[in-house]
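A quick write-up on the structure given underneath.
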Amino acid sequence: MSEIRLQIKDVSKHFGITRALKHVSFNINKGEIHALIGENGSGKSTLTNSLAGIYQKDGGTFILDGKEIHPINQVDANNEGISIIVQELGTLDGLTVAENIFLGHEDEFVKFGIKNTAAMNKRATELLKKYGFERIKAAEMIDNYNFEDRKLVEIVKATYFNPKILVIDETTTALSGEGREELYKHMKRIKEEGNTVIFISHDLPEVLRLSDTITVLRDGDYIDTVKSSDIDEDGLKKLMVGREVSGEYYRSDYGEPVSDEVVMRVRDVSVPGIISDISFDLHKGEILGFGGLSESGMHEIGKACFGASFDREGSVTLADGTKINNIPTAIAHSIAYTSKDRDNESLVMNQSIRDNICLPSLKKLSNKLHLLSDRKLKKFANTYAETMSTKMQSVDQFVSNLSGGNKQKVVLARWIGKDSDILVLDSPTRGIDVKVKQDIYHLMDKMRKDGKSFIMISEELMELIGMCDRIIIMKDGKINGELMRDKNMDENVLIEKMV
Amino acid sequence: MANSTVIESTNNNELKKQSIINMIRSLLPIIGLVAVFIVFNVLTKGNMWTSRKLILNQVYVVLISAVGVFFIMSMGGLDFSQGSIMGIASIVVCKLSGVNMILAVICGILAGAAIGAFNAYFYVNRKIKSFIVTICTMFLFRGFIKYMASNSPVAASMKVYDYDTTAVKLGITIAVLAVSFVVFRFTKFGIHLKAIGAGEKATKFAGVRTDRMKFFIYVLAGAVTGLAAFVNIVKNGSATANVGNQLETQILIALVLGGMPISGGAKVRFENIIVGSLLYIVLNNGLIMMGLTTQAMQLVQGIVFLIFVAIFADRQSLSVIK
């Protein structure tokens with residue numbers, strides 16, 4: 001069993017001044033599910049992307065079955081027997097499902113220079129059937145499918161040719177229960193066929209349940225490789241963070257009464273095709289959670305409360321009677337919003353940390369003549385970036401160079417700097433490691449006690465149960481249940497209402 | 001421990017290298033300006049220096065109209081209709097110069113602003129890419145100009161020559177530059193503009209009324225060029241069918257020579273306008289003095305433009321040209 005499949009020797013990679021991997025060496029065996037874990041920016045994706053030919057490593061070697069390999073692109077890596085399912089969307093718009101599945105391998109279907117589309121579609125249909133995804137049609141444009149179905153297509157694309165190594169980079173968070181089960185099934189199949197799965201996830205229980213071996217990276221350094229059976233969640237956290245993580249992860253209080261004071265009244269809000277007839281009140285100092293499947297419409301609720309929905313009906317009213325119908329009004333009345341789509345909606349990527357933090361507060365920072373001073377902006381940005389303990393060289397650094405967790409810290413720093421009273425957080429901890437998660441939870445708890453109110457939209461049920469005073473469950477664009485904070489609440493109650 | 005210090009020092013070295021590259025990039029236009037100026041003075045045996053007043057006379061129009069385009073390009077847009085705006089506004093100024101000079105100036109500005117609003121309507125409200133809209137309006141209004149000025153140039157009243165002094169032309173230029181510098185550099189206006197260039201959606205989510213801003217900037221750019229039209233008429237006395245022809249290209253080349261990234265965003269600097277316009281005019285005049293033909297000059301311009309775009313293009317955000 002413990003025959004070596006892949007030797008990673010002394011692999012290094014840097015991006016500009018950031019050293020993402022520092023001389024990493026370890027082995028991966030045949031017939032195992034090998035998890036790769038670490039905080040944001042620890043180098044997991046960099047390592048697997050180098051292996052799959054997406055990046056070119058700067059130094060070191062990959063030895064696959066005793067042979068040194070240098071994949072220069074994904075197709076090349078495929079031919080060596082390595083395939084990858086990436087974190088973000090890995091399918092191409094404007095192509096059919098079949099064309100996506102066989103991308104880079106069209107030659108199999110080309111005769112005398114002409115592509116045999118019918119043969120390709122037939123083969124794709126067979127594959128989709130074999131995987132049990134019959135509802136996805138091979139000849140259909142991939143654009144017509146949602147995020148989740150497209151991920152399923154990627155699973156087919158990455159596994160149909162029985163790769164020697166399959167890399168799965170943080171894919172499960174994008175999938176609902178059904179899609180996850182499907183993915184787990186194929187991971188196990190690949191393992192049983194004697195091949196290898198490299199699995200990246202932030203979900204530690206999932207990692208412990210699925211994997212045989214776990215390798216921990218931290219800040220681009222190799223830390224340790226352990227057997228899953230020899231370690232528990234706390235042990236892993238300790239390896240990832242490099243010190244003991246205290247047990248106080250979520251809020252610890254139960255039964256504290258929530259104020260009766262209503263700060264935001266949402267009535268009969270509908271967005272055509274997404275949500276309908278949503279009504280609720282948000283109280284002062286309350287953390288109100290929204291849970292549901294990804295397409296349940298819960299993400300739109302955040303936008304609706306922030307005045308960012310297109311075509312919204314119904315009303316969002318603050319305690320002083322202000323109606324929120326657009327973003328500038330929302331911000332002027334102390335509402336903050338962090339989007340699930342952090343890189344496009346929350347942050348101006350090719351802009352400095354300074355400007356990103358100051359952007360909504362510029363009015364406050366201007367003097368009587370509406371003039372701004374660089375020194376004042378820098379001080380302001382520094383203060384709040386440091387409050388959030390953002391890892392950076394200086395506030396003049398571009399946001400695009402930060403890791404996911406640090407980007408989120410910049411987003412939060414912006415709204416704390418604006419001194420927002422109502423914070424609408426959509427998936428605030430998506431793709432973020434344990435340490436930063438804990439920081440965010442503690443911050444929310446502290447701000448809650450200071451009378452700030454939260455709407456927290458999340459796909460992570462544990463987080464909702466751990467943090468919220470009240471949880472509203474969404475299903476098919478409607479509210480399908482409401483649960484109060486309870487020590488004994490368990491995930492299944494929520495799941496029941498979600499599906 | 002030893003290991004981490006090694007890493008620190010490599011990090012520092014990389015950081016230094018990066019900042020040196022950035023510094024060279026930002027200094028290159030200024031070095032270029034000085035170098036080109038010296039080279040041409042040597043080659044023309046000081047002729048360029050003696051005719052500096054003539055050269056300066058050409059820089060005003062480009063310099064003023066470049067301010068509006070600079071704002072547009074900061075937010076990631078483009079404007080190819082500047083030459084036609086200049087043409088229409090020049091004709092308006094000529095026609096009204098006989099009535100009242102102040103009225104002429106104001107109507108020139110309004111004419112420019114109106115075309116700017118026309119561009120903005122199609123760009124912002126009808127959501128058509130700015131370079132397509134402005135190429136269309138470039139031809140549309142060029143057609144108007146040909147129609148109005150083909151038979152005979154539209155002549156301005158003789159009174160405009162009273163304003164043909166360095167004080168007036170330089171005064172207007174400096175006033176426009178000074179006001180826009182302060183507004184761009186020291187108010188939220190500049191930060192908003194650059195943020196739109198670097199990421200429009202996120203800027204909208206940070207509470208900036210991006211559509212209103214984009215509309216306003218196109219109107220403003222039109223108005224500024226309308227003002228430049230007055231300077232143009234003061235200098236030339238009449239508007240021919242070719243008035244303002246290729247001004248848009250001149251501005252674009254000037255800004256890029258000044259180090260402006262073509263996709264706008266966080267890396268634009270106000271200095272780009274001034275250094276770029278001067279560099280462009282010096283280069284142009286130098287080549288003329290060297291006796292180059294118009295065709296050869298376009299060839300050289302094309303090559304220089306390509307080199308500078310290649311140096312200053314911000315490749316990470318090139319896809320966001322609007």
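So the values come out like this:
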item	result
Filter result for B:Asn232 (surrounded by fewer than 18 Cβ atoms within 10 Å (Cβ to Cβ) and within 19 Å of B:Ala111 (Cα to Cα))	no
Pairs, first among the aromatic types (Phe, Trp, Tyr) in the stretch A:182-208, second assigned to a helix (DSSP H, G or I), C-beta under 8 Å, six or more apart	A:Tyr184/A:Leu210; A:Phe199/A:Met187; A:Phe199/A:Val207; A:Phe199/A:Leu210
Pair list, Cβ < 8 Å and 6+ apart or interchain, from the stretch B:217-239 residues that are assigned to a helix (DSSP H, G or I) to residues that are surrounded by fewer than 24 Cβ atoms within 10 Å (Cβ to Cβ) and basic (Lys, Arg)	B:Val231/B:Lys169; B:Val234/B:Lys169; B:Lys235/B:Lys169
Residues (under 15 Å from A:Asp419 (Cβ atoms) and either free of Cβ contacts under 8 Å to residues at least 24 places away in the same chain or touching a Phe, Trp or Tyr at 6+ places or on another chain (Cβ under 7 Å) (or both)) located in the stretch A:438-447	A:Lys446
Meets criteria (assigned by TED's automatic domain parsing to the domain that holds A:Phe102, at pLDDT 90 or above and either in contact with a strand residue (DSSP E or B) (Cβ under 7 Å, 6 or more places away or on another chain) or over 12 Å from A:Ile85 (Cα atoms) (or both)) for A:Arg180	no
Subset of the stretch A:284-332 that is polar (S, T, N, Q) and either closer than 14 Å to A:Phe454 by Cα or assigned to a loop (DSSP other than H, G, I, E, B) (or both) - its residue that is nearest to the other protein chains (Cβ to nearest Cβ)	A:Asn326
Some residue of the stretch A:272-292 being within 30 Å of A:Leu210 (Cα to Cα) and among the basic types (Lys, Arg)	no
Residue check for A:Asp203: closer than 30 Å to A:Lys9 by Cα and among the acidic types (Asp, Glu)	yes
Condition met for B:Met148 (surrounded by 15 or more Cβ atoms within 10 Å (Cβ to Cβ), at negative phi, out of contact with any Gly (no Cβ under 7 Å at 6 or more places or on another chain) and in contact (Cβ under 8 Å) with a residue 24 or more places away in the chain)	yes
Which listed residue, of A:Ile54, A:Ile8, is without any contact (Cβ under 8 Å) to a residue 40 or more places away in the chain and either buried (at least 21 other Cβ atoms within 10 Å of the Cβ) or under 15 Å from A:Leu166 (Cα atoms) (or both)	A:Ile54
Residue match in the stretch B:115-131 (condition: over 19 Å from B:Leu252 (Cβ atoms), assigned to a helix (DSSP H, G or I) and over 23 Å from the mean Cα position of the chain (by Cα))	yes
Number of positions in the stretch B:182-211 that are within 12 Å of A:Pro360 (Cα to Cα) and within 24 Å of the chain's Cα centre (by Cα)	4
Filtered residues of the stretch B:192-228 (kept if of a type in the set (Lys, Arg) and facing chain A (nearest Cβ under 10 Å))	B:Lys194, B:Lys201, B:Lys204, B:Arg209, B:Arg212
Residue count, the stretch A:338-381 (criterion: within 7 Å of chain B (Cβ to nearest Cβ), among the hydroxyl-bearing types (Ser, Thr, Tyr) and not in a loop (DSSP other than H, G, I, E, B))	2
Complete set of residues in the stretch A:415-430 that are assigned to a helix (DSSP H, G or I) and touching a residue at least 60 places away in the same chain (Cβ under 8 Å)	A:Trp415, A:Gly417
Yes/no for A:Ser427 being hydroxyl-bearing (Ser, Thr, Tyr) and either touching a His at 6+ places or on another chain (Cβ under 6 Å) or more than 9 Å from chain B (Cβ to nearest Cβ) (or both)	yes
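Here is a yes/no grid of residues against (1) out of contact with any helix residue (DSSP H, G or I) (no Cβ under 9 Å at 6 or more places or on another chain); (2) touching a residue at least 60 places away in the same chain (Cβ under 8 Å):
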{"residue": "A:Val269", "(1), (2)": "no, no"}
{"residue": "A:Ile301", "(1), (2)": "yes, yes"}
{"residue": "A:Ser309", "(1), (2)": "no, no"}
{"residue": "A:Thr322", "(1), (2)": "no, no"}
{"residue": "A:Pro328", "(1), (2)": "yes, no"}
{"residue": "A:Thr338", "(1), (2)": "no, yes"}
{"residue": "A:Gln351", "(1), (2)": "no, no"}
{"residue": "A:Arg354", "(1), (2)": "no, no"}
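The values are calculated or read from the model by the stated rules, or taken from the named source; none is laboratory data. Please read all numbers here as calculations on a predicted model, not as lab measurements. Methodologically, a virtual Cβ is constructed for each residue, glycine included, from the backbone with ideal geometry; neighbour enumeration extends over all protein chains shown.
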